[in-house]
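Here's the structure we're looking at; comments come further down.
The values are calculated or read from the model by the stated rules, or taken from the named source; none is laboratory data. Just so it is clear, the model here is predicted, and its values are computed rather than measured. Positions of Cβ are generated from backbone atoms using ideal geometry, with glycine treated the same way; all protein chains shown enter the neighbour counts. Calculation scope for accessible area: heavy atoms of the full protein, side chains included, ligands and nucleic acids excluded. Shrake-Rupley method; radii C 1.70, N 1.55, O 1.52, S 1.80 Å.
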2 protein chains.
Amino acid sequence: MSVLQEISSDVRNMKQMENFVLFRRTNEIKEELRRGVRKSYREVIDVSWGDPHRAGVKPLSFVRQVLAACLYPELMDGDKLMVDVKQRAQRLLGTCAGGSVGSYCATAGIPQILQSISQYIMRRDGGVPCHPENIYISPGSQWALTNILKVLVNSEASPRTGVLIPVPCHSTTIISLTTLGAVAVPYYLREERGWALEMEELQRALDSAKGVCNPVALYMINPGNPAGYVQSRKSIQEVIRFAAEKKLFLLADEVYQDCVYGKESEFVSYKRALAEIGAPLSDSVELASFHTASKGLMGECGLRTGYVELVNLDPAVMKHINNLFSTNSCPILGQIALDVMVNPPQPGDPSYPLYLKETQHIRASLAQNVRRVEEVINSFPDFSCQPLEGGAFAFPRVFLPPKAIERAKEAGLQPDTFYCLRLLEEAGVLFSPGTEYGQKEGTYHIRFCIMTPTDTMEEILRRLSAFHEQFMKEFS
Amino acid sequence: MSVLQEISSDVRNMKQMENFVLFRRTNEIKEELRRGVRKSYREVIDVSWGDPHRAGVKPLSFVRQVLAACLYPELMDGDKLMVDVKQRAQRLLGTCAGGSVGSYCATAGIPQILQSISQYIMRRDGGVPCHPENIYISPGSQWALTNILKVLVNSEASPRTGVLIPVPCHSTTIISLTTLGAVAVPYYLREERGWALEMEELQRALDSAKGVCNPVALYMINPGNPAGYVQSRKSIQEVIRFAAEKKLFLLADEVYQDCVYGKESEFVSYKRALAEIGAPLSDSVELASFHTASKGLMGECGLRTGYVELVNLDPAVMKHINNLFSTNSCPILGQIALDVMVNPPQPGDPSYPLYLKETQHIRASLAQNVRRVEEVINSFPDFSCQPLEGGAFAFPRVFLPPKAIERAKEAGLQPDTFYCLRLLEEAGVLFSPGTEYGQKEGTYHIRFCIMTPTDTMEEILRRLSAFHEQFMKEFS
């Protein structure tokens, strides 16, 4: 029971406390640099977020042009914008009340955009049917997840509602769970096997919940965040069969579905894998899949937009979900970005060459960053990075010397937070500590965004290497 | 107790049910018109929302130009945009991580924009101090209100937490309250006195809560929604003294603060009125004031942005509020719109002449609509519209004949919903029924947005008049 308790409540407080230390110091250092205090670096590189634009990645022109044209349609008068930009903007404005992106829309989202999303999902899944009425657009995928959890979690139940979550797991989901009064039941991904999801571990986790809580759902993140794995079709189907047998609702965080770069990796959606299993499972296993415009190549976090697709839900539950989603609607501009995301320029379109060039550039930079991160990190004996296959992060393990762990304890910090704080202080690079995501006891990790320009990543690795060597020497 | 119960739970269900009937029929009629079914009208005019763009009001160019330039900075290369647009966009991009509106920001909002808002509030309030750290930007003002309510409402308390709310009141607040497990304690505005807020009625409402719930807060809407009143300074100060005496937290919905048109009316903020009372009240009465970019002349509902300013809150409570607001951040583009809202073009700026022309046009249209609505509505003996002084709505009382009330009951509808449904059916105009907002028993109202182009309002009034005459004849 102690592990469950620890994950459920302490992680939340811990995250806030440990993050606070890092954020506060980052702001102080920035202020010191502004005041001219001399350091070994001129600016802090902050790759602690999953935020490509912050890290220097350029937004995609087509997305921004369509958004700008929708906001200020007079731009379409001149010849500054390509004809397909204008056509797209005109079509989308036609779906807005009063022809303005400043209007309210239906709470599930603009119907024509829901339609575009459903067509994208069908194409993605090789023709598996998708109905727009099962999709809800929301201000960010996390908001959608919280709504679905509200339906699954009975905050007054005794024993409490449980949800199986991977370790490591990005912390927003853990916060959502604990805020709703649910118990997060951790299942550990096997780091040594590329963060594999193993069925025995799922079973162990489920067993561990006995007498503690009533597990109703299983949450997966694929591609991984913070760990950059991509689940195989076989692994996904095993998980689905497990969920079917144990009557668990599947929550699939698939926000990095466009971000797969492992040579042998392929993104397979839980929905597709479920359909491929066939009846009766394909008609009965309940699934919610989440996606967003914040991640992937687009990286438009600032627009706050995501969606959820629901599969095999009871109509009575759908009605309840409908009510929940009716309490807020998603920003219109975010919805427009979703339309572009699921329906980008195609070969032959005037905007296609530039779109291709920009996306190829991002993909190529990412591929190079992946190669360099693996190479540099694994060149240190006390660092270990599993193969990076997808997502936007590296989550290497750092083998901290006992003296460093001791010093961290004296400072009242988790050892990996201590490491990150020193890295920030001495090298001006902000990572986030594994503590924030959960990790096997006695192991320590650091997370950083690898979706950056290549020269930024080189600078990060240069600073990290120099710091790491020094740090290890100090505490050896 | 029955009144409290009625407001607390039934209104919510009622609203959903009654609205559903109207929305469903609206969609059906639109579909029929598309299919070529002949009716006495060619399109449905939907003024049931507080959504000026939907009603045909044009967005303000300066707002849209700045947003477009921030989204697609290449636009600043040419000479299509005024220099002050470019300067503003450049300054705002400078506040975004990585110089992109696609990045995440601090959860309270972009610091420089919080600063702009605080300066606006100080100017508005004649120099009463305002600190940026007391302001939280959120995805809509309703979201901010819900967060504040989460702090005030103890969902497990017995007796339950009570919040005094006006009747009529826009329904989103009632839904937020009841969802959180609070009891909405209604105080009735005196329609015959221009929807005045009377202190005896506040006292009566508070007394009515005895034995039912524990009232902790008092919610006011000024300027009014749905009723278009504007509170006087004297009335506001009376309310503040009442709150101080009864130890009630003040929740001031001031989202229509830029929308005051009554000849003798002036917007006075609760914060300013509180400061003018002086110590000890000005240092002790707790107040939350809400504003948004969705309303007023800007009307950018689609951006989903608002803010709350908190006054005199205990630091421990502020910390809790800080945590609540950290679960979601507001779309960056909405924040940029807020910056423009609180800091519009000034005389001498290149964009000022167009800005002035556009805002004057909206104000002049609104003034004319107000005059015409009062004139036409009050020309009917069985209609009564109180003077419209502020906000975006008319909320006239309609004296329905007993036969119409009888027929509504047969149809399982509230009488004013029945009226709205017939108006929709026969005249193609969508209003919302008073039922949705609460009203004195036995009285019936209709609400509609008056922020429309003048020709649209003439068409609405023409259709309404013809319908109303016919309806009254039918049921006389």
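Some observations on this one:
- Apportionment of accessible area to carbon and sulfur, the protein assembly as shown, percent (1.4 Å): 51
- Distance from the alpha carbon centroid of the range B:218-258 to that of the range A:205-222 works out to 48 angstrom.
- Residue B:39 label point (Cα plus 7 Å toward Cβ) to equivalent points in the other copies: 6.4 nm, shortest first.
- Average accessible surface for the protein assembly as shown: 39 Å² per residue, computed with a 1.4 Å probe over protein heavy atoms with every protein chain in place.
- Take each residue in A:57-67, count the other chain C-beta atoms within 10 Å of its C-beta, and the mean is 4.
- Of the GluC sites (Glu not before Pro) found in the range B:106-210, the ones in coil according to DSSP and having at most 12 other Cβ atoms within 10 Å of their Cβ are B:156.
- When only alpha carbons are used to place a centre, the range B:185-199 and the range B:316-380 end up 26 Å from one another.
- Using Cβ point charges alone (K and R +1, D and E -1), the dipole size of the range B:290-448 about the Cα centre works out to roughly 100 debye.
- Average partner coverage of B:329-339, which counts Cβ from other chains inside 10 Å: 4
- The other copies place their residue B:156 label points at 1.3 nm from this one, listed shortest first, where each point is 7 Å from Cα along Cα→Cβ.
- When peptides B:41-48, A:30-37 are sorted by average Cβ neighbour count within 10 Å, with the highest value leading, the order is B:41-48, A:30-37.
- The listed residues A:77, B:382, once ranked by accessible area (1.4 Å probe) with the largest placed first, stand as A:77, B:382.
- Protection proxy ranking of B:160-168, B:424-432, A:396-404, A:218-226 - average other beta-carbon atoms within 10 Å, highest first: A:218-226, B:160-168, B:424-432, A:396-404
- Shortest-first distances to equivalent copies, position residue B:90, nm, label 7 Å out along Cβ: 3.4
- For residue A:247, the lysines whose Cα comes closer than 17 Å to its Cα, not counting residues fewer than 8 places off in the same chain, are A:210, A:271.
- For the range A:243-290, GluC sites (Glu not before Pro) meeting the loop criterion (DSSP other than H, G, I, E, B) and having at most 14 other Cβ atoms within 10 Å: A:264, A:266.
- Taking chain B and dividing mean pair separation by its residue count, relative contact order in percent (alpha carbons under 8 Å, at least six apart): 22
- Average partner coverage of B:104-112, which counts Cβ from other chains inside 10 Å: 2
- Here is the interface size for B with A: some 3500 Å² of accessible area buried, both sides summed, with a 1.4 Å probe.
- The range B:195-236: trypsin sites (Lys or Arg not before Pro) in DSSP coil with no more than 15 other Cβ atoms inside 10 Å: B:210
- Mean-position separation - Cα centroids, the range A:447-476 and the range B:65-112, in angstrom: 31
- Those lysines that a straight Cα-Cα span of less than 21 Å connects to residue B:58, excepting residues fewer than 8 apart in one chain: A:86, B:80, B:295, B:357
- Taking each DSSP H run with n ≥ 4 as -39500 (n - 2.57) and averaging over every residue of the protein assembly as shown yields -14000 deg cm²/dmol at 222 nm.
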